[in-house]
1. Please name whichever of Pro485, Ile507, Leu466 sits farthest to the positive end of the charge dipole of the stretch 403-524, dipole taken about the Cα centre and charges placed at Cβ: Lys and Arg +1, Asp and Glu -1.
2. Can you work out the FRET efficiency for the pair Phe308 and Trp48, with r the C-beta to C-beta distance and R0 = 35 Å, to the nearest 0.05?
3. What size of dipole, in debye to the nearest 20, comes out for the stretch 288-356 about its Cα centre when the only charges are +1 on Lys and Arg C-beta atoms and -1 on Asp and Glu C-beta atoms?
4. For the chain, which whole percent of the accessible surface, found with a 1.4 angstrom probe, sits on carbon and sulfur atoms?
5. Please report the relative contact order for the chain, taking Cα pairs under 8 Å with a sequence separation of at least 6, and give it as a percent rounded to a whole number.
6. Report the accessible area of Trp80, computed with a 1.4 Å probe over the heavy atoms of all protein chains in place, in Å² rounded to the nearest 10.
7. With a ≥ b ≥ c taken as the square roots of the eigenvalues of the C-alpha gyration tensor of the stretch 352-446, please select rounded if a/c is under 1.5 and otherwise prolate if a/b is larger than b/c or oblate if it is not?
8. Dipole magnitude of the chain about its Cα centre, charges +1 at Lys/Arg Cβ and -1 at Asp/Glu Cβ only, in debye to the nearest 20?
Amino acid sequence: MAEDKEDGIVKTMENFVIQKHRLILIVVLAFALIIRLKYMTINAAVWWDEADYLSLAKHFGLGLPEQAAPWRARGISMIWGVFYWLGANEWVIRLIGTLVAVAGVYLTYLAGKALCNKQVGLIAAAMLAVYNEYLFWGARISMDVYALTLWVLIAYLFWKAYTENKTWHYVAVGALYGFSIYAYDSIGFIALFFAVFLLVTEKFRFLKNPKIWYMVIAAIIMALPFAAYNYVEFGNFFGDNTNIIYKIYPRFGRFATGDFSTAENTVQYWQRPAGSIISDFFTYFTAMPMILKIPFFIALLAGIPLFFEVIIGLDLIGKQGEHMELKKRFYLLLWALTLLIAMGLLIALTGYIFEPRLIFPAMPALFIIAGYGLITIYKLIAKYNREIAVIAVIGLFIAGAYMHLSYANALINSKKDSFVHQKMAGEWIKEHTNSGETFMLGCGLSVNFIYYSERQIAYVSNNQTLVNEAIAKGNRYYIIDGYDPACALENIKGPPEGFVPVQAFFIDEAKTQPIIIIYEFAKA
């Protein structure tokens, strides 16, 4: 009797998850929103990337100066610019980012539901909601968070287009893609993902589908304004004979002249031992236990059998109108692997920096696989004891969620006061100068000062000629910023002749270690 009672409790729990999935989804989304609102304004100041994109937004919305690198994606900053133009402030921009992050959680549920089932979608959404890197970068103003949401939206709509063959789905995918490649560069790789999927599943038949061409045309139309802007603004940035691709998409130029150039240091990197290159290529694969944390990684491993039939039946996937379940799993597999491989190649060939945030768009797919794995673990254990199965999967999820949440909390709090002195210095400059004035930067990180001061910068280094020219134009203030690694205050030369210190910001309570010093020109 007791066993029947326990079995009934488990059955009731299973039915609750199935029948009340919408309620559970609301709880997951509410938690995702609340935890992000908690951290939304915790950071005392913005860091370099945030300042770059925010200064661009103020440039577009308020007409303020911008000095961001030409290869920075400007799509999102242009949208923010509209909000600044309407009177918004940084808090509004942060709120928008928070809502975008929660939208990514919801879209992960939709993708999981479409590619597996509702239960998998719920688990995947919950995992993404607590994922530590997503929380950390969500507390900052990060394009990577936007990249995840845009990618999963495009991937979800493309799957709907492929299965339902509706024109508007294809057009929506194309339009979103055309915008998204100018919102964040990594989204460009989704075209490779789709191309491989179509070639394997449809051979070259997809070229005869007019709706595919509608998608391509929509992408081109949406991308044209951004391409034209780049062409006008940065057409000759890489030289007078700049390749047209560099002109309309400067990131390609950055890769070609920097990361993939034939410079001596790059060539030497290519010539490393094969073992080192292979090891670097698999960086994101080998780092997965650290990225996911062990409990979620165990769930991911348990989900890998989902693709055994794909490998065995690869020849069946290309049959028109058949084996949709295999195609569904193949789609999920490609989604998960595309960025892991692409970013691994960048690291292997160029020494590109390893950062989990660079593979954010792959995380929804990985969590969908992990969600399937968690259900697989339950089914395997339930064959012997359903109560233990429930305890095991709940325990595994709670352990993983706790590890992610505690790690995110510690990391966010440890970094929350970073760059606060740049904010104070920038605001001091704004208070002590007039709109349109320029101040001099001896050395330091520029865009943070531009963002907070809303003033233009004259780069003068310690060049007395440039300093004299700036003084002649009415510039009074000269800054040395120790946040720049190349600008160690204990080694840097003093200010140019004729300047006296008027303000300093210190990193210690005793005020013995200045990090930023502001000088003013003392008139004779």
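The values are calculated or read from the model by the stated rules, or taken from the named source; none is laboratory data. All values reported here derive from a predicted model rather than from experimental measurement. Quick reminder, even Gly has a Cβ in these numbers, built from the backbone with ideal geometry, and neighbours come from all protein chains shown. When the accessible area is computed, the model is the full protein with side chains, heavy atoms only, and any ligands, DNA or RNA have been set aside. Shrake-Rupley method; radii C 1.70, N 1.55, O 1.52, S 1.80 Å.
1. Leu466
2. Values: r = 45 Å, r/R0 = 1.28.
The value I calculate is 0.20.
3. Numbers: 5 positive and 5 negative charges, 20 e Å.
Dipole magnitude for the stretch 288-356 comes out near 100 debye.
4. Numbers: 15510 of 24110 Å².
So the carbon and sulfur contribution to the accessible surface is 64 percent.
5. Details: 770 pairs, mean separation 87.3, N = 524.
So the answer I get is 17 percent.
6. 0 Å²
7. On the way: a/c = 5.14, a/b = 3.30, b/c = 1.56.
Note, shape of the stretch 352-446 comes out prolate.
8. Values: 42 positive and 39 negative charges, 311 e Å.
Its charge dipole is roughly 1500 debye.
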